[in-house]
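Undergrad: I have a structure I would like to understand better, so I am pasting it below and will then ask my questions one at a time.
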Amino acid sequence: MAEINGKYKEPVENGLQDGTPCLLGTVSADTRPEIGPKGSVIVYDSENLAYWERSNRGAAANIKNNPHVVIYYRNPERAESLPQGAALRFYGTATVVEDEAVNNAIYDRIPEREQKSDSGRKGHAVMVRIDRVTDLRGEDV
């Protein structure tokens, strides 16, 4: 388990607003890699990222088969406050949140734009327990 540096919270959580949403990397059941944007990523606490899964397409199915994921964030505009390459890679294990109170807490913290995209709340929260955080060169940060 890795500890998420508190200074990464603000850039990661404002990625959608800044035009640089996080990307989620997963692997399909037939071992094909897949990557897609997740504008709802938040730093849940010092050990976990979370996001709201509203599309229920590829990533949702992939996590059921293989929970190991990477969440990638890069924003050159924030190069002064981020590690080498103005990028972060968060490696971890994803689980669907079953606890309704935690689901509600995550939904309440995601960007309003993401909430409006799932105003009927048909999605669900996903928690990612972080094992490692690296910069663009693969160095631990």
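The values are calculated or read from the model by the stated rules, or taken from the named source; none is laboratory data. This is a predicted model, so every value here is computed, not measured. With ideal geometry, Cβ positions are generated from the backbone for all residues, glycine too; neighbour counts draw on all protein chains shown.
Undergrad: Which one of these does LEU82 not meet: (1) closer than 15 Å to ASN5 by Cβ; (2) under 11 Å from the mean Cα position of the chain (by Cα)?
TA: If we test LEU82 against (1) closer than 15 Å to ASN5 by Cβ; (2) under 11 Å from the mean Cα position of the chain (by Cα), just (2) comes out false.
Undergrad: OK, next. Quick one: in region 95-141, of everything that is in a strand (DSSP E or B) and in contact with a Ser or Thr (Cβ under 8 Å, 6 or more places away or on another chain), which residue is surrounded by the fewest Cβ atoms within 10 Å (Cβ to Cβ)?
TA: Top of the filtered list is ASP140.
Undergrad: Shifting gears a bit: Within the set of pairs 6 or more residues apart or between chains, which connect a residue that is within 21 Å of MET1 (Cα to Cα) and in contact (Cβ under 8 Å) with a residue 12 or more places away in the chain inside region 51-72 to a residue that is of a type in the set (D, E, K, R) and in a strand (DSSP E or B) with Cβ atoms less than 7 Å apart?
TA: TYR51/LYS38; VAL70/ARG89; TYR72/ARG89
Undergrad: Among the residues of region 28-55, which ones are basic (Lys, Arg), in contact with a Cys (Cβ under 8 Å, 6 or more places away or on another chain) and surrounded by fewer than 21 Cβ atoms within 10 Å (Cβ to Cβ)?
TA: Hits for region 28-55: nothing passes.
Undergrad: Assess whether ALA29 counts as being over 12 Å from the mean Cα position of the chain (by Cα), among the small types (Gly, Ala, Ser), at negative phi and not in a helix (DSSP H, G or I).
TA: For ALA29, the condition - over 12 Å from the mean Cα position of the chain (by Cα), among the small types (Gly, Ala, Ser), at negative phi and not in a helix (DSSP H, G or I) - is met.
Undergrad: For region 37-62, what are the residues that are at pLDDT below 95 and either under 15 Å from VAL97 (Cβ atoms) or part of a strand (DSSP E or B) (or both)?
TA: ARG54, ASN56, ALA59, ALA60, listed by residue number.
Undergrad: Now for a separate question. Tally up the residues in region 6-20 that are surrounded by 18 or more Cβ atoms within 10 Å (Cβ to Cβ), out of contact with any helix residue (DSSP H, G or I) (no Cβ under 7 Å at 6 or more places or on another chain) and farther than 13 Å from TYR72 by Cβ, please.
TA: So the answer is 1.
Undergrad: Of everything in region 73-94 that's touching a helix residue (DSSP H, G or I) at 6+ places or on another chain (Cβ under 7 Å) and in a strand (DSSP E or B), which residue is nearest to GLU47 (Cα to Cα)?
TA: ALA94
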